[in-house]
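Colleague: Next up is a structure, given as structure tokens.
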Amino acid sequence: MNNLYSPIQAQIEEIIKETPTNKTFVIRPEAPIRFKAGQFMQLTVPGMGEAPFTPSSSPAVTEKMEITILKTGTVTDVLHTMQAGDNVGLRGPFGKGYPLDKFENKEVLVVGGGVGLAPLRSLILAMFEDMGKYKRLSIKYGAKTPEELLFRTSFDEWSKKPQTDLTVTIDVPAPGWEGKVGLVTSLLDDVDVDKPNSYVVSCGPGIMLRFVTYKLLEIGFEPEQIYLSMNRKMSCGVGKCGRCEVGPYYLCKDGPDMNYAKIKDVPNVFS
Amino acid sequence: MNTRFISEGNFVRLLDHLAERGRVFVAEPVEDTGKIAFRARQEGEGFDYTGFRATQSLKPFLFVAREKVAEYPCAAGSETVPAAEHVTVVGAAACDLAALKTLDAVFISEDFTDCFYAERRANTLIISMECTDPRDSCFCTLIGNKPYPEAGYDLNLAKAGAGYVVEVGSEKGESLIGEQASLFKDASKETLAARDKAREEAARRVEDINRGVEVSRSRQEILKHAPEDEEWHSHVQTCVECAACLFCCPTCHCFLLYDQKGAENFERLKVWDACVYAGYSRMAGGGTPRAFLVERFRHRYAHKFDQIVERHGIEGCSGCGRCIEACPGNIDMRKVFKALDSAALTEKVAR
């Protein structure tokens with residue numbers, strides 16, 4: 001019988017310093033891993049434990065995956081000290097992944113905050129693989145400072161893709177920054193997607209998800225059109241250990257991206 | 001399945017036979033405590049029929065409190081595999097059997113099965129017994145269960161003079177009786193009638209114990225309409241976050257995968273965890289959906305009586321009353337539901 005808790009071996013091939021607090025780890029598992037954009041992996045730091053991460057790379061590439069990680073806790077602190085050539089473990093993929101089939105012939109508004117752009121990049125790259133299927137991809141991204149903007153070197157390339165536009169903002173003015181200033185919600189004020197024929201996908205800190213959701217509802221989106229990458233502590237990844245529960249759902253099995261209509265009445269849903 | 005009779009002497013022989021397959025655990029009274037514990041049986045020992053559930057449930061036999069579930073890195077062929085020891089447990093109560101429905105639904109599912117639980121489950125033979133001595137904490141009848149096993153056992157015992165009426169509840173039980181046919185004889189009509197009378201009596205006693213804490217609708221309904229704060233705050237006052245209620249619960253199944261350095265390589269343990277602990281749902285960076293005790297307290301009820309019901313169609317409670325018995329703060333789930341039910345009704349009227 002398959003042991004759900006045993007990781008497979010993987011090696012860190014390269015580490016890319018993205019921002020002062022984020023690194024992308026290029027990881028080669030001992031066997032290719034097929035995943036859907038939005039599905040997540042449990043990454044083992046030997047002896048330290050596991051933490052859940054959604055790959056930031058395209059699902060079209062299976063022999064290696066990129067995972068972009070914010071330094072923010074016991075496991076990620078150690079990860080940030082690791083070097084190319086170090087070994088890690090992987091379990092997964094887990095979760096449902098983004099409902100790309102639903103997005104066909106629709107406009108997709110992607111709203112990211114901080115490291116939240118990491119899982120969204122996997123979605124963006126997956127959509128680029130077959131952009132003819134979608135009417136439009138509109139990306140709104142915000143970070144605290146210009147240095148904290150993830151994947152900035154890709155922005156030009158993304159903007160040039162067919163039916164794609166990208167707007168970026170930083171929270172407060174910074175020397176040398178000539179772009180937009182304000183929280184990512186401010187980019188939603190003049191959003192011009194065809195609302196009845198669109199979906200929104202958002203990922204970021206809980207407080208951002210809360211205000212993005214409120215703003216989206218205010219400007220006329222329905223809860224059913226909103227997908228949120230929810231944040232909860234996870235351990236088993238397979239709906240048994242109990243902790244990632246949001247109402248009757250386990251994020252590890254039913255998410256981590258949840259349709260807002262399903263969870264809107266859950267107490268403290270955004271915390 | 002058929003009903004048989006076994007004398008006390010022959011039951012000892014049956015247990016000796018089962019001991020050849022693996023360890024046998026028997027529920028027996030712990031001197032001077034009024035409590036009952038599962039103890040590893042020594043050869044030749046019989047069964048001291050207690051008629052009340054043990055302090056411990058069946059959970060630790062199947063879902064171990066702390067267990068190694070993986071070693072890494074590991075060479076092909078040396079993977080951590082579940083222990084396949086045969087275990088017999090004698091003296092489980094109906095509430096223990098009912099609780100296994102929840103654990104089975106969680107750990108053995110179409111998409112993901114926990115091989116450690118599944119392997120133990122398959123290798124455990126359960127000989128249950130009837131409750132003849134329900135105590136104040138018992139509330140199986142409120143949950144819709146009975147103080148006597150109706151399903152989920154391999155064999156079930158009811159005390160009858162100097163022996164037991166034996167009910168066969170599974171193929172495993174059936175084949176055991178077949179192998180050891182000479183130890184059994186037919187149960188007489190009189191012993192069966194006496195057993196059924198004792199059953200009715202026990203059920204009536206549990207109902208009597210719970211007179212006054214019955215609720216007007218399903219616990220799921222009560223929770224859906226429970227007032228947000230005040231009522232919960234009044235119940236959480238004496239909770240000291242010890243998690244005794246969760247660890248002794250036969251259905252609570254939360255765990256944490258915990259990694260550490262082993263002798264040769266790294267190992268992963270699966271360790272019981274409890275949702276009343278502040279760290280249980282705390283994320284990297286410090287955020288948590290349940291920062292306050294009252295939220296965690298409420299979550300336990302919501303999980304057991306709403307979310308598990310949504311997911312598996314059964315409540316995460318068998319009415320065993322262990323949580324009531326274990327709580328140093330005298331928190332009684334029955335009274336919490338009664339109060340929530342009444343408060344919600346009052347509120348409705350006020351509106």
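Colleague: Rounded to the nearest 20 debye, what is the charge dipole size of the stretch B:65-168 about its Cα centre when +1 sits on each Lys and Arg Cβ and -1 on each Asp and Glu Cβ?
Modeller: Working: 8 positive and 16 negative charges, 62 e Å.
Computed charge dipole of the stretch B:65-168: roughly 300 debye.
Colleague: Right, something else. Do you know the relative contact order of the stretch A:100-229, to the nearest whole percent, from alpha carbon pairs under 8 angstrom that are 6+ apart?
Modeller: 30 percent.
Colleague: Related question: Go through A:LEU183, A:THR164, A:GLY116 and say which Cα lies farthest out towards the positive end of the charge dipole of the stretch A:100-229; charges sit on Cβ, +1 for Lys and Arg, -1 for Asp and Glu.
Modeller: Farthest along the dipole direction, towards plus: A:GLY116.
Colleague: Taking the Cβ of each residue in B:HIS253, B:HIS225 as the centre, tally the other Cβ atoms inside 10 Å and list the residues starting with the fewest. Intermediate results must be reported in sequence, preceding the final value.
Modeller: Details: B:HIS253 25, B:HIS225 15.
Ordered from fewest to most neighbouring Cβ atoms within 10 Å, B:HIS253, B:HIS225 come out as B:HIS225, B:HIS253.
Colleague: Same structure again: Among all the lysines, which ones have a C-alpha under 19 Å from A:LYS17's C-alpha, if same-chain residues fewer than 8 places away are not counted?
Modeller: A:LYS64, A:LYS71, A:LYS144
Colleague: Here's something else I'd like to know. Considering only chain A, what is the antiparallel percent among its DSSP beta bridges, to the nearest 5?
Modeller: On the way: 31 of 56 bridges.
Among the beta bridges of chain A, antiparallel pairing accounts for roughly 55 percent.
Colleague: Could you tell me how many degrees, from 0 to 90 and to the nearest 10, lie between the Cα long axis of helix A:206-218 and the main elongation axis, the longest principal axis, of the Cα atoms of chain A?
Modeller: Helix A:206-218 sits at roughly 30 degrees to that axis.
Colleague: Here's a follow-up. Which ³J(HN,Hα) values in Hz, rounded to whole numbers, follow from the phi angles of the stretch A:27-36 under the Karplus curve 6.51 cos²θ - 1.76 cosθ + 1.60, where θ = phi - 60° and Gly and Pro get x?
Modeller: 10, 10, x, 5, 9, x, 10, 8, 9, 9
Colleague: Of all DSSP beta bridges in chain B, what percent run antiparallel (nearest 5)?
Modeller: Working: 34 of 47 bridges.
Looking only at bridges with both residues in chain B, the antiparallel portion is about 70 percent.
Colleague: Cβ under 10 Å from B:ASP136's Cβ, B:ASP136 left aside: what net charge do those residues give with Lys, Arg +1 and Asp, Glu -1? Don't skip to the answer; put the middle values down first.
Modeller: Values: positive: B:ARG135; negative: B:GLU325, B:ASP332.
Net charge around B:ASP136: -1.
Colleague: Determine the shape class of the protein assembly as shown: with a ≥ b ≥ c the square roots of the Cα gyration tensor eigenvalues, call it rounded for a/c under 1.5, and otherwise prolate if a/b is greater than b/c, oblate otherwise. If you can, show how the numbers build up before the last one.
Modeller: On the way: a/c = 2.67, a/b = 1.81, b/c = 1.47.
Prolate shape, in that a/c is at least 1.5 and a/b is the bigger ratio.
Colleague: For the stretch A:134-151 and the stretch B:53-122, what is the centre-to-centre distance using only Cα atoms, to the nearest Å?
Modeller: 46
Colleague: As a test of the formula, what do you get for chain A when each DSSP H run with n ≥ 4 contributes -39,500 (n - 2.57) and the sum is divided by the residue count, at 222 nm and rounded to the nearest 500 deg cm²/dmol?
Modeller: On the way: 7 runs with 48 residues, N = 271.
The helix contribution divided over chain A gives -4500 deg cm²/dmol.
Colleague: Still on this structure: Contact order normalised by length for chain A, with contacts defined as Cα pairs under 8 Å and 6 or more residues apart; what percent is it?
Modeller: Numbers: 575 pairs, mean separation 47.5, N = 271.
Once normalised by length, the contact order is 18 percent.
Colleague: Next question, about the same structure. Whose amide H sits under 5 Å from the amide H of A:VAL111, counting only residues 5 or more places off or on another chain, with H placed in the peptide plane?
Modeller: A:LYS140, A:VAL201, A:SER202, A:CYS203
Colleague: Then there's this: Specify the angular offset, from 0 to 90 degrees and rounded to the nearest 10, of the alpha carbon long axis of helix A:117-128 from the longest principal axis of the alpha carbons in chain A.
Modeller: The two axes meet at around 80 degrees.
Colleague: Could I ask something else about it? Counting other C-beta atoms within 10 Å, which of A:LYS240, A:LYS96, A:LYS160 has the fewest, and how do the rest follow? Show your work: numbers first, answer last.
Modeller: Working: A:LYS240 24, A:LYS96 16, A:LYS160 9.
Least crowded to most crowded, the residues run A:LYS160, A:LYS96, A:LYS240.
Colleague: For a quick check: with amide H placed at 1.01 Å from N, whose amide H comes under 5 Å from A:THR164's, ignoring anything fewer than 5 positions away on the same chain?
Modeller: A:LEU137
Colleague: Here's another thing I want to ask about it. Tell me, what ³J(HN,Hα) does each residue in the stretch A:260-269 have, in order and in whole Hz, if you take phi through Karplus 6.51 cos²θ - 1.76 cosθ + 1.60 with θ = phi - 60° and put x for Gly and Pro?
Modeller: 4, 4, 6, 10, 5, 9, 6, x, 6, 4
Colleague: Using DSSP loop states and a limit of at most 14 other Cβ atoms within 10 Å to flag GluC sites (Glu not before Pro), what is the longest stretch of chain A containing no flagged site?
Modeller: Values: sites that count: A:GLU30, A:GLU63, A:GLU104, A:GLU129, A:GLU178.
The segment A:179-271 is the longest one with no such site.
Colleague: In terms of the Cα gyration tensor, with a ≥ b ≥ c the square roots of its eigenvalues, is chain B rounded because a/c is under 1.5, prolate because a/b exceeds b/c, or oblate? Spell out each step's value before the answer.
Modeller: On the way: a/c = 2.20, a/b = 1.20, b/c = 1.83.
Oblate, because a/c is 1.5 or more while a/b does not exceed b/c.
Colleague: Sequence neighbours fewer than 8 away in the same chain don't count; with that in mind, list the lysines whose C-alpha is under 27 Å from B:LYS159.
Modeller: B:LYS35, B:LYS59, B:LYS101, B:LYS146, B:LYS172, B:LYS185, B:LYS189, B:LYS197
Colleague: Same structure, new question: Could you pull out every Cys in chain A that lacks a partner Cys with its beta carbon under 4.7 Å away?
Modeller: If one checks each Cβ against the other cysteines of chain A, A:CYS203, A:CYS244, A:CYS252 turn up with nothing under 4.7 Å.
Colleague: Under 5 Å between amide hydrogens, which residues at least 5 positions from A:GLU13 or on another chain qualify, with H placed 1.01 Å from N in the peptide plane?
Modeller: Amide H neighbours of A:GLU13, under 5 Å, 5+ apart: A:VAL26, A:ILE27, A:ARG28, A:GLY85.
Colleague: To check you understand DSSP bridge types, tell me what percent of the beta bridges within the stretch A:34-146 (both residues inside) are antiparallel, rounded to 5.
Modeller: Working: 9 of 16 bridges.
Of the beta bridges lying entirely in the stretch A:34-146, close to 55 percent run antiparallel.
Colleague: Over chain B, what is the relative contact order in percent, taking alpha-carbon pairs closer than 8 angstrom and at least six residues apart?
Modeller: 21
Colleague: With the Cα gyration tensor of the stretch A:8-94 giving a ≥ b ≥ c as the square roots of its eigenvalues, does the rule (a/c under 1.5 for rounded; else a/b larger than b/c for prolate; else oblate) give rounded, prolate or oblate?
Modeller: Here the stretch A:8-94 falls in the rounded category.
Colleague: Mean-square fluctuation check for chain B, GNM, Cα pairs under 10 Å: which of B:ALA202, B:ALA65, B:ALA284 is largest?
Modeller: Looking only at B:ALA202, B:ALA65, B:ALA284, the largest GNM fluctuation is found for B:ALA284.
Colleague: In deg cm²/dmol and to the nearest 500, what is the mean residue ellipticity at 222 nm of chain B if only DSSP H runs of at least 4 residues count, each as -39500 (n - 2.57), divided by the residue total?
Modeller: -10000 deg cm²/dmol
Colleague: Hey, fewest Cβ within 10 Å first, where do B:ASP104, B:ASP332 land in order? Present the calculation step by step, with values, prior to reporting the outcome.
Modeller: Numbers: B:ASP104 17, B:ASP332 20.
Placing the least packed residue first, the sequence is B:ASP104, B:ASP332.
Colleague: Using θ = phi - 60° and the Karplus form 6.51 cos²θ - 1.76 cosθ + 1.60, what ³J(HN,Hα) does each residue of the stretch A:76-90 get, whole Hz, x for Gly and Pro?
Modeller: Coupling constants for the stretch A:76-90: 6, 4, 5, 3, 5, 9, 6, 10, 4, x, 6, 9, 9, x, 9 Hz.
Colleague: Which helices, counted as full DSSP H runs in chain B, have an axial Cα extent of no less than 24 Å and a Kyte-Doolittle average of 0.0 or above?
Modeller: Numbers: long enough: B:189-209 (30 Å, -1.24); B:333-350 (25 Å, 0.18).
Span-like helices in chain B: B:333-350.
Every read-out reported here was derived from the displayed coordinates using simple, explicitly stated rules and does not represent laboratory data. None of these values were measured; they are calculated from a predicted model. Reconstructed Cβ throughout: ideal geometry from the backbone, glycine too, with neighbour counts over all protein chains shown.
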